Each structure stands twice: as structure tokens, then as C-alpha cells.
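We did not get these values from a lab; they are worked out from the coordinates using the rules stated. As the structure is a prediction and not an experimental result, all values here were calculated from the model. Cβ placement follows ideal geometry from the backbone for every residue including glycine, while neighbour counts extend to all protein chains displayed.
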Ligand SMILES: Cc1cc2nc3c(=O)[nH]c(=O)nc-3n(C[C@H](O)[C@H](O)[C@H](O)COP(=O)(O)OP(=O)(O)OC[C@H]3O[C@@H](n4cnc5c(N)ncnc54)[C@H](O)[C@@H]3O)c2cc1C
């Protein structure tokens, strides 16, 4: 009998863990990703703010499976899934058959119907996004350096982050640090006190989903760092020269979107029931209704825990679901019955800046240095390749001691023009 084919779409936290669990089994595993690398998204903001290099947080997917001969890696974008014919189709036209399919395509930023905002306010999801944001910040500082009038250079020293979730908080905190710290000493024409960082949030607090005390702590910490946190402030319009709120227009070319996610085109077109943000509703074993051989995991899936609370779009959920699915498929080949997926919540945390974070670990609420240390160790520990892990840890310690930002190159000519 031919070996069964498992096709995995997406080499993120979920997909990689399925493939790793099926290493050296009788399954023929194909992992397809439109990027050639696994990306450690939780450290993307460090690339966007010039603390780490892209290579520190990305590993070629192929290199992870060098020794796992039953795992094949394909670079390509899946544009269609045929559930009845059991094939997936790539953008280039290739058709790949499957016996089991795992959809682990993650999520995309949601501009709530205002897709034209994306050009002026990129989200932070890929290496390309991080580099685009980094270069925008650097180019803007170069522009400010050339302008002698204080008012005229103000927009170039203004930064707006939209969305007060963990990504927005990390990003605003990190920009506030570079704006107020050593990097500014390299510029002669403006003073670091001229920079303004705004965090804009439609709700009445930041880090919604965290406990009230941690959310309040994050707000207080950001404020102390000099971030102007604008709560209850839904965005009305985004233009290339700024952000329109109800009572205020903030003039700046530096706008970053971190306000909500939706499904990908692939999952949106799958014809399955989704929640309000486009996550596919899955069964207890992560399969989709009426198709026990097709699974959706990670950010792309909607799954409720025993208390009926939907699991959050975070890396541990995707990783645990990936491992669970690997085990399920191994058991399947032995004829063992499927057990339902159960998420073990080991805690939630978010960083705000250097030595500043909040963490809720099994009811224990931590803030400040200890929360930050735990965040750092856990996140660096999870980096896929050991080489990266070691280097990132060293860089991290170096930045902590010196406050220096390492990677400040402007490499793409098209990003050099920043107008307001
Ligand atoms: C900036 C940022 C900061 C974050 N910080 C944290 C944090 O501190 N802690 C935490 O736990 N979580 C954090 N998260 C969330 C976490 O990264 C996600 O929950 C996790 O990556 C989800 O894993 P996944 O496997 O479902 O999807 P992803 O890791 O997003 O992987 C999806 C993969 O699918 C590929 N893909 C998508 N569509 C296709 C297609 N059609 N064809 C082929 N390939 C495709 C993509 O290229 C990608 O490689 C953060 C996310 C971001 C963006």
C-alpha cells in the first residue's frame, strides 16, 4: 500500500510542529509555504525597531528538516483547496494531492473594509513588513535632520501605532525607547525630546484580554515612557500624511497598524463556517465538519476551551495544536481513536519595553523586570534554530547593557522617499 500523504499549508508555529512530530514516520509529508522561512513573529517588532536582524528571527524551513527524509518542502502559495478531489493548487498551477490536509495559514491584518489604509499604515506580519517599517522610521529621522524649522520637522518625529493589543503595546514602547534614547544622539539637528509617540486605541484600555491590573500597569508604564496613549479613539481616516481621529489630526508619515486580524484569502474561500474575524470553526479534533481528513490549526482556527472561551491567536496555541495533530496522525496509522484537543494555558505575557513587561502565569500577576526576563527567556528559548537562539540572546543582553540599536541600514531605494 502506498504511504499516506500529509500536506501542510503554512510553515508557521502550527505547521512546523505537525511536520516535526511526523518526522521519520511512514507518512509522506509535504510542507508548503509562500515564504522560504519559518518566522518567529513575536520578535518581529525588534527587527522593525532595528534591534535585531532579519536572520536572527527567521530560519529556512528546508534547513529544519534536513535529517527528516519523509518531509518535503515546497515554496509556493496555495490558492485553492479541493476538499472533494483531495488536492491543493499552487499559484503557479501545480496540483498536489493529499490524504490528510493541515491548514495552518495564520491570520492577516484586518483594515475593517478600508484596504487602502494598508499602504500608509503597514501591519507587522512578515519580514518584509518589519523592514518596510524600519526603513520608514530611519528615513523619517533623516528627513527631520535636514529640516531646520521646528514645526516643519515635527511630523517626521511623530510616530502613530494603531491598536492597543500586545503587538501595538510592544511596538509603541519600543519606538518610545529608540526615540528617547541613545540612537538620537547620532543626529545633530533635533533633540530627542521633540519626538512624539502615539498609541491609538478604540476601546477604553490597552491589552484587553489581560486582567484589569495588568492592563492598567501597561497603560501607566507606557505613559511614563512618554507614549501618548489615546483611548476611546477610533480611527476615522488614514492618509499618507497622517491619521484622522474624531477630534484630532496627527500629521506624520510614520503610521503602523496593529488593530485586529482576519482570515487569509485561502481560508475565507474554503466555504466553512467562521467566527467574526474569519477563523474557521473546527471540531474537537481540529478537523472541519464532514471532512475528518482536513484540519485547521493555529491562528486560522476557532476553537473553544472547556469553559466555552475561544482560544487566543498566540504561538503556544498553534504549537500545542501542531503537536496534538502530529500525535493524532501517528495514532491514526495504528488505528487508535481520536481524543479531543485540550489546551494547556501556561500564561499570557506582553512586553512594553526594556525591563518592562506584564505577565499572568496561572493567576500569578507579574510586572516590570521579572515579567520581562521571563518573556525574554521563553521567547528566545522557542526560537527554532539553536544558532539563532544563542545569537539573539547575546544581542538581547548587549542591547540591555548598552541601549544600542544595531541594524540601522536603509537598503531599499524606494523607501527613501517619505513625504507628508
Ligand atoms: C508582531 C507580532 C507579535 C506577536 N507576539 C506574540 C507574542 O509575544 N507571544 C505569542 O504567543 N504570540 C505572538 N504573536 C502571535 C503568534 O505569532 C501567532 O499566534 C502564531 O504565529 C500563529 O501560528 P500559525 O502557525 O497559526 O501561523 P503563522 O505563524 O502566521 O504561520 C502561517 C504561515 O502560513 C504561510 N501561508 C499563509 N498563507 C499561505 C498560503 N496560501 N500558501 C502558502 N503558505 C501560506 C505564511 O507564509 C506563514 O509562514 C505575535 C504575532 C505578531 C504578528
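Observations on the structure shown:
- Between residue 305 and residue 381, the FRET efficiency estimated from the beta carbon spacing at R0 = 25 angstrom works out to 0.55.
- Taking the C-alpha atoms only, the angle from helix 212-224 to the longest principal axis of the chain is near 40 degrees.
- With Cα atoms, 0 to 90° folded angle of helix 368-381 axis to the chain main axis: 40
- Contour minus Cα-Cα distance for residue 390 and residue 202 (0.36 nm per residue): 63.8 nm
- Values of log10 I(q)/I(0), in the order q = 0.06, 0.11, 0.12, 0.14 Å⁻¹, for the chain under a Debye, Cα-only, solvent-free model: -0.26, -0.85, -1.00, -1.31
- Most mobile of 123, 308, 353 in a GNM of the chain (Cα contacts under 10 Å): 308
- Here's the picture: a label point sits 7 Å out from the Cα of residue 26 along the beta-carbon direction, and within segment 261-288 nothing has its amide nitrogen under 16 Å of it.
- Rg/Rh for segment 194-342 (Cα atoms only, Rh after Kirkwood) is 1.10.
- Residue-averaged 222 nm ellipticity for the chain, from DSSP H runs of 4+ at -39500 (n - 2.57), nearest 500: -9500 deg cm²/dmol
- Once the chain from residue 273 to residue 236 is taken as fully extended at 0.36 nm per residue, the excess over their C-alpha distance is 10.3 nm.
- Segment 1-59: translational diffusion in µm²/s, Stokes-Einstein, Kirkwood Rh over Cα pairs, 37 °C, 0.692 mPa s: 253
- Relative pair counts by distance (%), Cα atoms of segment 128-224, 5 Å bins: 2, 13, 22, 22, 15, 13, 8, 4, 1, 0
- Residue 373-residue 3 FRET efficiency (beta carbon distance; Förster radius 30 Å; 0.05 resolution): 0.05
- Stretch gain in nm, segment residue 346-residue 114, where the contour uses 0.36 nm per residue and the Cα spacing is subtracted: 79.9 nm
- Note on residue 211 and residue 291: the model spin-label points, each 7 Å out from Cα along the C-beta direction, lie 4.1 nm apart.
- Overall dimensions of segment 63-191, expressed as equivalent-ellipsoid semi-axes from the Cα gyration tensor (√(5λ), whole Å, largest first), are 43, 18, 14.
- For peptides 342-348, 157-163, 220-226, 312-318, sequence by mean Cβ density within 10 Å, most packed first: 157-163, 312-318, 220-226, 342-348
- For segment 211-297, the mean projected area of the C-alpha convex hull, equal to one quarter of the hull surface, is 9.1 nm².
- Bridge type composition, the chain - antiparallel percent by DSSP, nearest 5: 50
- Two-site label geometry, residue 79 and residue 248: point separation in nm, points 7 Å out along Cα→Cβ: 4.4
- FRET efficiency estimate (nearest 0.05) - Cβ-Cβ, residue 398 to residue 194, R0 30 angstrom: 0.65
- The long axis of helix 315-333 is offset from the longest Cα principal axis of the chain by roughly 10 degrees.
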